[in-house]
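S.K.: Just dropping this structure here.
Any read-out appearing in this document is the output of simple, stated calculations on the displayed coordinates, not a laboratory observation. If you're wondering where the values come from, they're calculated on a predicted model, not measured in any experiment. Neighbour counts run over all protein chains shown; Cβ positions are idealised from the backbone, glycine included.
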């Protein structure tokens with residue numbers, strides 16, 4: 001029974017981290033374009049980086 | 001649905017005011033961005049414009065957000081750059097869309113929180129119920145209940161807001177909606193469970209209350225996201241259509257700007273072959289214009305200075321100079337605006353299927369709950385027990401399945417239609433279109449393509465066609481373009497002639513080695529006009545003139561679709577503003593027996609009102625400005641993406657492409673959607689029939705209530721998903 005004393009809080013904590021991660025992802029706009037995200041994952045080029053912008057494309 | 005009932009002038013003024021604010025962020029609708037490759041090309045094209053600092057394309061919304069440094073770039077540069085990369089783009093106002101997305105996110109956050117809470121509480125209460133009667137000790141069970149309470153209370157306060165707010169609003173208006181029993185069940189269950197937890201009793205309903213909240217929120221979220229997506233697609237279509245106008249500044253210089261930013265008083269230059277971007281009065285220039293999008297009339301009309309001209313008119317002749325006027329001074333538009341306002345009010349009375357179900361259901365739920373409570377009190381049970389049983393009844397009857405039944409089906413139906421190039425604009429449009437029992441078509445632009453095509457192509461000798469096309473290639477007149485297209489079909493190479501001179505409104509001429517060649521009106525070619533219809537002559541000196549006749553061609557599958565509708569048993573009618581003879585020809589060609597021509601917008605409405613009085617529900621399919629009031633008055637309405645923007649704004653569905661077949665797809669999808677929604681109601685109803693007596697008798701434990709509820713919700717969702725099947729057509 002004493003195992004429950006840390007198992008239950010641990011379960012809630014892990015669940016809570018998942019929830020916070022989702023809310024953060026939502027806030028940072030990761031769910032704005034679900035179709036496009038699927039394709040972006042396949043992109044070979046490095047992600048858009050402001051420092052690299054002025055290089056010839 | 002009330003937004004488009006606004007007087008047209010209000011929207012125009014607001015857009016005029018938006019011009020002063022020069023944003024450094026810009027959202028563009030992109031018409032043909034369809035894959036991951038396009039996504040990257042769009043971003044790259046936008047970034048290639050000097051001064052653009054970032055570009056982020058959104059494939060689902062078909063838009064790109066561009067940030068640029070003020071003064072170094074403007075929206076037109078970006079649009080031109082995208083055009084060079086092969087994408088047609090149009091600027092749009094993002095503010096309204098953002099507010100809608102904010103509501104969607106507000107719901108999604110609550111879905112997440114309720115989901116988290118529901119899972120954890122369920123875990124705890126399954127342990128409690130599995131352990132009860134076994135070796136679980138009472139203090140541990142109590143601890144678990146307290147933990148559940150700790151999770152449930154903040155969740156209910158946070159995630160329940162959308163329901164509480166809506167229920168309060170309904171009660172203030174002295175009405176009952178579905179949110180009243182929902183809020184009541186959640187609040188009572190939570191309060192009662194808290195009371196029982198404090199007293200150390202077993203009847204704790206936290207799991208049921210939060211699970212209920214979770215499923216109901218999913219339903220709300222689906223409903224809202226359908227709405228947001230439908231409106232977003234509709235806004236894209238409208239922005240893409242408005243295009244770019246050339247304005248002449250006070251100092252005589254010309255500037256290109258997006259049509260939505262035009263303001264009254266601006267002076268526009270409309271070149272031959274261009275569409276007029278705003279309503280106005282002709283200042284200079286005269287010639288012929290094609291007003292088929294406004295009046296349904298396919299014959300070109302003449303235009304002269306001082307005449308009123310409407311957005312969507314195609315300029316066939318000379319370049320016209322137009323002063324943009326406020327929309328409310330225009331008589332036709334004012335009339336149409338008034339008719340629309342009246343027609344929209346009629347439609348607002350439509351009650352959605354789910355609301356009608358709730359109207360019957362909500363009192364029944366309250367009645368059963370109250371009866372259970374009073375019944376048990378009369379039987380001598382303590383008030384806590386009676387209340388617990390009453391809550392069980394409220395929770396059991398509180399229809400997760402009912403709340404999911406319609407939105408889940410509609411979102412599946414809408415995504416099926418989206419994939420086939422049909423935009424569902426009104427969320428209740430699917431329900432209304434399923435009820436229609438008569439289909440009314442407009443002619444120009446709906447049954448026909450709305451642009452001239454060469455008739456009797458085979459009868460024209462190769463040589464004449466090639467020579468005429470050589471001249472025609474120099475012109476942007478729609479007839480000239482029709483000739484070029486016909487020549488292009490017959491032979492692969494075509495030589496554009498040099499030294500062609502165009503006399504706008506009359507024709508083309510070229511002095512060649514073999515004498516003069518002319519292409520244009522009968523008068524221009526010095527031959528006698530034969531029929532006075534839409535025709536163009538080609539004449540080379542010393543040879544017999546060749547006649548090219550033009551007509552607005554039917555959509556390729558118009559007759560087929562009409563036939564299919566007849567087989568399905570729909571009575572059909574054709575209402576048009578065009579000449580009677582033209583309407584009769586088209587009616588005969590597609591096989592519609594009931595037709596009326598030369599109708600004014602008000603007469604179209606009268607005809608529809610007559611149908612409505614006879615108890616018929618009309619599906620109106622039309623595209624012109626003159627159809628807009630009829631589209632608003634009909635029970636449900638469809639318009640092609642080439643329609644006048646006011647018609648697109650009014651219609652419940654907008655379809656893209658050259659074919660008319662989407663009309664059939666809309667009807668069959670809507671019918672299937674209704675059938676599945678009714679099945680879902682059936683599932684929810686059966687479940688209630690079985691579960692309610694048990695709940696009233698007090699046999700339903702909180703755990704059983706929660707499990708049964710989830711099962712029926714999943715059943716309903718899976719049933720709805722059947723509709724989404726099938727790929728792109």
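S.K.: Counting only DSSP beta bridges with both residues in chain B, what percent are antiparallel, rounded to the nearest 5?
M.R.: Values: 62 of 79 bridges.
DSSP beta bridges in chain B are roughly 80 percent antiparallel.
S.K.: Kindly work out what percent of the DSSP beta bridges joining two residues of the stretch B:535-678 are antiparallel, to the nearest 5. Don't skip to the end; give the middle numbers.
M.R.: Working: 4 of 13 bridges.
Beta bridges within the stretch B:535-678, antiparallel portion: roughly 30 percent.
S.K.: When every alpha-carbon pair in the stretch B:558-714 is counted, what percent end up more than 25 Å apart? Before the final figure, lay out each step's value.
M.R.: Values: 5560 of 12246 pairs.
Result: 45 percent of Cα pairs exceed 25 Å.
S.K.: Residue by residue through A:33-41, how many Cβ atoms from other chains fall within 10 Å of the Cβ on average?
M.R.: Numbers: counts 9, 3, 9, 13, 5, 3, 7, 5, 1.
Across A:33-41, the average partner-chain Cβ count within 10 Å equals 6.
S.K.: A further question on this structure: Based on the alpha-carbon gyration tensor of the stretch B:641-723 and its eigenvalue square roots a ≥ b ≥ c, which shape applies: rounded if a/c is under 1.5, prolate if not and a/b is larger than b/c, or oblate? Can you show the working numbers first?
M.R.: Details: a/c = 4.09, a/b = 3.47, b/c = 1.18.
Prolate.
S.K.: Output the Kirkwood hydrodynamic radius of the stretch B:354-476, Cα pairs only, in Å rounded to one decimal. Each step should come with its number before you reach the end.
M.R.: Numbers: mean 1/r = 0.0470 Å⁻¹.
Over the stretch B:354-476, the inverse of the mean reciprocal pair distance is 21.3 Å.
S.K.: If one takes the longest principal axis of the Cα atoms in chain B, at what angle in degrees, from 0 to 90 and to the nearest 10, does the Cα axis of helix B:662-697 lie?
M.R.: Its long axis makes an angle of about 10 degrees.
S.K.: What number results when the radius of gyration of chain B, computed over Cα atoms, is divided by 2.2 N^0.38 Å?
M.R.: Its radius of gyration relative to the 2.2 N^0.38 Å reference: 1.17.
S.K.: Further question on the same structure: Take the Cα coordinates of the stretch B:230-325, assign each an equal point scatterer, and use the Debye formula without solvent to give log10 I(q)/I(0) at q = 0.20 Å⁻¹.
M.R.: For the requested q values the scattering log ratios are -0.94.
S.K.: Give me the three principal axis extents of the stretch A:1-40 from the C-alpha atoms, as integers in angstrom, largest value leading.
M.R.: 49, 18, 9
S.K.: Can you give me the Kirkwood hydrodynamic radius for the protein assembly as shown, using every pair of distinct Cα atoms, in Å to one decimal?
M.R.: On the way: mean 1/r = 0.0332 Å⁻¹.
The answer is 30.1 Å.
S.K.: Within 10 Å of each Cβ of A:25-31, how many other protein chain Cβ atoms are there on average?
M.R.: Details: counts 1, 4, 2, 0, 3, 0, 4.
If you average over the peptide's residues, the count of other-chain Cβ atoms is 2.
S.K.: In nm, what is the difference between 0.36 nm times the number of residues separating residue B:281 and residue B:511 and their Cα-Cα distance? Before the final figure, lay out each step's value.
M.R.: Details: separation 230, 0.36 × 230 = 82.80 nm, distance 3.71 nm.
That works out to 79.1 nm of additional length.
S.K.: Follow-up. What distance in nm separates the simple spin-label points at residue B:722 and residue B:589, each placed 7 Å from Cα in the Cβ direction?
M.R.: Taking the two extended label points, one gets 4.1 nm.
S.K.: Once you place label points 7 Å from the Cα toward the Cβ at residue B:617 and residue B:415, how far apart are they in nm?
M.R.: 2.6
S.K.: Could you check the simple spin-label distance between residue B:579 and residue B:503, using points 7 Å along Cα→Cβ, in nm with one decimal?
M.R.: Rounded to a tenth, the inter-label distance reads 2.5 nm.
S.K.: Using a Förster distance of 45 angstrom, determine the FRET efficiency expected from the C-beta separation of residue A:42 and residue B:70, and round it to 0.05.
M.R.: Numbers: r = 35 Å, r/R0 = 0.78.
Computed FRET efficiency for residue A:42 and residue B:70 comes out at 0.80.
S.K.: On to the next question. Could you give the angle, 0 to 90 degrees to the nearest 10, between helix B:95-131's Cα long axis and the longest principal axis of the Cα atoms of chain B?
M.R.: The answer is roughly 30 degrees.
S.K.: Also, I was wondering about something else. Can you tell me the Rg and Dmax of the stretch B:378-433, counting just the alpha carbons, in angstroms?
M.R.: Expressed in Å, the Cα Rg and Dmax of the stretch B:378-433 come to 20.2, 63.
S.K.: How big is D, in µm² s⁻¹, for the stretch B:142-203 by Stokes-Einstein at 25 °C and 0.890 mPa s if Rh is the Kirkwood radius over C-alpha pairs?
M.R.: Working: Rh = 12.6 Å.
After rounding, the answer is 195 µm²/s.
S.K.: Please compute the Kirkwood hydrodynamic radius over the stretch B:528-607, one decimal place, Å, based on all pairs of different Cα atoms. Working shown, then result.
M.R.: Working: mean 1/r = 0.0655 Å⁻¹.
With all distinct Cα pairs of the stretch B:528-607 included, I get 15.3 Å.
S.K.: Then there's this: With everything on Cα atoms, drop me the angle between helix B:353-378 and the longest principal axis of chain B, reported from 0 to 90° to the nearest 10.
M.R.: That works out to roughly 10 degrees.
S.K.: If you count, for every residue in A:14-23, the Cβ atoms of partner chains within 10 Å of its Cβ, what is the mean? Walk me through the numbers before you get to the answer.
M.R.: Working: counts 0, 7, 3, 0, 4, 8, 2, 0, 7, 5.
Rounded to a whole number, the mean comes out at 4.
S.K.: May I pose another question? Counting pairs of alpha carbon atoms under 8 Å apart in space and at least six apart in sequence, what relative contact order in percent does chain B give? Mind dumping the intermediate values first?
M.R.: Values: 1340 pairs, mean separation 105.4, N = 729.
Relative contact order of chain B: 14 percent.
S.K.: Based on the Cα atoms of the stretch B:611-667, what semi-axes does the equivalent ellipsoid have, where each is the square root of 5 times one gyration tensor eigenvalue, given in whole Å with the largest first? Numbers along the way, then the final one.
M.R.: Numbers: eigenvalues 71, 41, 11 Å².
The three semi-axes for the stretch B:611-667 are 19, 14, 7 Å.
S.K.: If eta is 0.890 mPa s and T is 25 °C, what Stokes-Einstein diffusion coefficient results for the stretch B:93-175, Kirkwood Rh from Cα pairs, in µm²/s? Intermediate results must be reported in sequence, preceding the final value.
M.R.: Values: Rh = 15.5 Å.
In µm²/s, the coefficient rounds to 159.
S.K.: Please give the length that would be gained between residue B:457 and residue B:711 if that part of the chain were fully extended, namely 0.36 nm times their separation in residues minus their C-alpha to C-alpha distance (nm, one decimal). If you can, show how the numbers build up before the last one.
M.R.: Numbers: separation 254, 0.36 × 254 = 91.44 nm, distance 6.38 nm.
Net length gain for the segment: 85.1 nm.
S.K.: Now a separate question. Kindly give Rg over Rh for the stretch B:574-663, based on alpha-carbon atoms, with the Kirkwood expression for the hydrodynamic radius.
M.R.: On the way: Rg = 12.7 Å, Rh = 13.4 Å.
Over the Cα atoms of the stretch B:574-663, Rg/Rh equals 0.95.
S.K.: Let me ask another. May I ask you to sort B:460, B:182 by Cβ crowding, counting other Cβ atoms within 10 Å and putting the fewest first?
M.R.: On the way: B:460 22, B:182 27.
Neighbour counts put them in this order, fewest first: B:460, B:182.
S.K.: A further question follows. Taking just the C-alpha trace of the stretch B:68-140, give me its Rg and Dmax in Å.
M.R.: Both quantities, over Cα of the stretch B:68-140: 27.0, 77 Å.
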